[in-house]
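Contents: one structure, followed by commentary.
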Amino acid sequence: MERDVSDKVLSDVHVFTPHETLPDTDESVNTEHMMETKLDDVGLQVWQGCLLLCDFVLHLHTKFKASRVVDLGAGVGLTSIVAGLFAESVLVTDVGEMILRTSESNIALNKPLLGEDCTFLVKELNWLKFCGPKDSYSDARSSRFQMTEDDHTLLDGVSLILAAEVIYDPDLTDAFFSTVKQLMSRPPAKTLYMTLEKRLVFSLADLDVVSPAYEHFQEKMEELLALSLDGVTFHCCQVPCDFPQYFTYDRHKHLELWQITSSLSD
């Protein structure tokens, strides 16, 4: 049964981490999120791809130490919180005041775990209107979530980009890749880690099981790899999901992790 977006639950997501990563072997992250949502509010749920990306961040935590990170489509902020255990700063981005307020609340809720080493900034970033560093990234013109010039500078300066479960709608996929292309075309060179679930449906037209969203993702990936913009080239690879699992979820074969890197010529 679908629930109204105001019907939230407080859930403990348990993280079992190595001794060298966190002080204790059993730490928990508290997140306020929806168990079920309508399509427009999918950012209020915690999806399995988000948990896979959190596992990967914990596994690769040394790469995130003292790094500057942006989380695209951060939802309720779980991936941002896990990255913030190690990063210098995390720019937490999504669209919609309710989602952004929930991210902000969850970060505050986990402050005892996070400490003061990482700076968090929650801002609205609308991929459908992302046109360049000097353009408006936000519809939140009158709220604290509106992008400022300093936020623009911070966004340009990140080295790591995270995106969990953002591939499900063709128009949003197009906008996502357009945003990624622009972000990763500006120095410094950047690495994107993204997760997605290959969702299968039966097509009457094809009389077969297909995955339109995944096929569109592959097309956009091929277009990105074919680009060469002013000395910028892109590389991608699928990352094997054989690293340890710290979160409780079904890590099945249709959950995938991808890495995209940009190379900038001098």
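With the simple model of a label 7 Å out from the Cα in the direction of the Cβ, D171 to D117 spans 4.3 nm.
Per-residue extension of 0.36 nm, minus the Cα-Cα distance of A66 and E88, leaves a gain of 7.5 nm for this segment. Neighbour counts of C-beta atoms inside 10 Å place C237, C118 in the sequence C237, C118, starting with the fewest. A simple packing score, the average count of other Cβ atoms within 10 Å per residue, orders the peptides 52-60, 122-130 as 52-60, 122-130, with the highest score first. Rounded to 0.05, the FRET efficiency of the S143 and S28 pair, given R0 = 30 Å and the Cβ-Cβ distance, is 0.45.
Computed from the coordinates by the stated procedures, all read-outs in this text should not be read as laboratory data. Because the structure is predicted, anything quoted here is derived from the model rather than measured. Positions of Cβ are generated from backbone atoms using ideal geometry, with glycine treated the same way; all protein chains shown enter the neighbour counts.
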